[in-house]
Amino acid sequence: MPEKKQILGYIHSTESFGAVDGPGIRFVVFLQGCKMRCKYCHNPETWNLVTDYSRLYADDVSDDEREALEKKIEENTKLLKDKGVKIEARTPEDLLKQALRYKPYWKGQGGITVSGGEPLLQMDFLTEFFKKAKAEGVHTNLDTSGNPFTDQEPWHSGLLELMKYTDLVMLDIKQIDEQEHIKLTGHSNKNILAMARELSDMKKPVWIRHVLVPGGSDKDEYLHRLADFIHTLSNVERVEVLPYHTLGKFKWENLGLSYPLEGVNPPTQERIDNARKILGAI
């Protein structure tokens, strides 16, 4: 059997003093890779998905397969760096050491949040990172779209292991209607809603986040359906409405991509307040 290598995380960036990424002040890690193609994405430079990173550390991966994966990582990383996108390969130990420098500022309320991209695409790294963080008494928060979720093995057992070291999940529900979700992201929401139900069954604390897009997810019909779904869950501590904005539009242009929501303006305060009222959000 091939010797396992050191688990690495492919990091897009970090933020030392995140104030909107969970409770308190937080050290935020943005992992590289996402399969969704949200039309409003403000971090399209994190999309580039080398592969299923976890295959690098699987027990059954051959030397030839691992070598091919590593070559693909190197090629795609270079392509992004050529466009000015910085990606670093980090060990869990090294990243945690950096995060703990800021622990005095957390004052018992903050901690570490891992976002993306989509962090569940690098679940082996994420689990090891959170496990070490919990050993240091750090509050851990997973910010995810839920897109990789499946009840198939071995992925599902990996998620259950990760949840042992995860204090909070911030789950993005981008659109409650499946067909509209596909139009918005390129993917179904069936497995995302299934993940929400499973997190409820295991009583894992969850914050639901919903991006409010004019002409789409801000329609009252969809907001009421989303509220009805949230009411079926027993573990939701908080609901947040995130108004759509165009601050990431320049990133699409830098990557040579056409911005899909050209001409769509941010929602009015009236529509934001309406959504918050319907969803019981803050």
Unmatched cysteines, the chain - criterion: no other Cβ of a Cys under 4.7 angstrom: C34
For the chain, calculated [θ]222 nm from helices alone, where every DSSP H run of n ≥ 4 adds -39500 (n - 2.57): -11000 deg cm²/dmol
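Pairs of Cα atoms under 8 Å, at least six residues apart: use those to get the relative contact order of the chain, whole percent. Display every interim value, and only then the final one.
On the way: 500 pairs, mean separation 52.0, N = 282.
After rounding, I find 18 percent.
Quick check for me: using +1 on Lys/Arg Cβ and -1 on Asp/Glu Cβ, what's the dipole size of the chain about its Cα centre, in debye to the nearest 20? Before the final figure, lay out each step's value.
Working: 38 positive and 43 negative charges, 174 e Å.
Magnitude of the dipole: close to 840 debye.
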Directionally averaged projected area (convex hull, Cα atoms, region 170-282), nm²: 7.3
Likely footprinting exposure, H245, H139, fewest C-beta neighbours within 10 Å first: H245, H139
Positive-pole candidate from P267, I87, H42, dipole of the chain, charges at beta carbon: P267
Degrees separating the helix 269-279 axis from the principal Cα axis of the chain, which is the longest one: 80
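Taking every DSSP beta bridge with both residues inside the chain, roughly what % is antiparallel (nearest 5)?
Values: 8 of 32 bridges.
Around 25 percent of the beta bridges assigned by DSSP in the chain are antiparallel ones.
With contacts defined as alpha carbon pairs under 8 Å and 6 or more residues apart, what's the relative contact order of region 163-282 in percent?
Details: 159 pairs, mean separation 32.4, N = 120.
Relative contact order of region 163-282: 27 percent.
Ignoring GluC sites (Glu not before Pro) that are buried or in helix or strand per DSSP, and keeping those with at most 15 other beta carbon atoms within 10 Å, what is the longest stretch of the chain between them? Before the final figure, lay out the partial values.
Working: sites that count: E3, E136, E262.
After excluding every exposed loop site, the longest remaining stretch is 4-135.
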Only Lys, Arg (+1) and Asp, Glu (-1) charged, at Cβ; region 4-43 dipole about Cα centre in debye: 320
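Values in this text are rule-based calculations from the coordinates and carry no lab data. As the structure is a prediction and not an experimental result, all values here were calculated from the model. Using ideal geometry, Cβ is built from the backbone for each residue, glycine included, and neighbour counts are taken over all protein chains shown.
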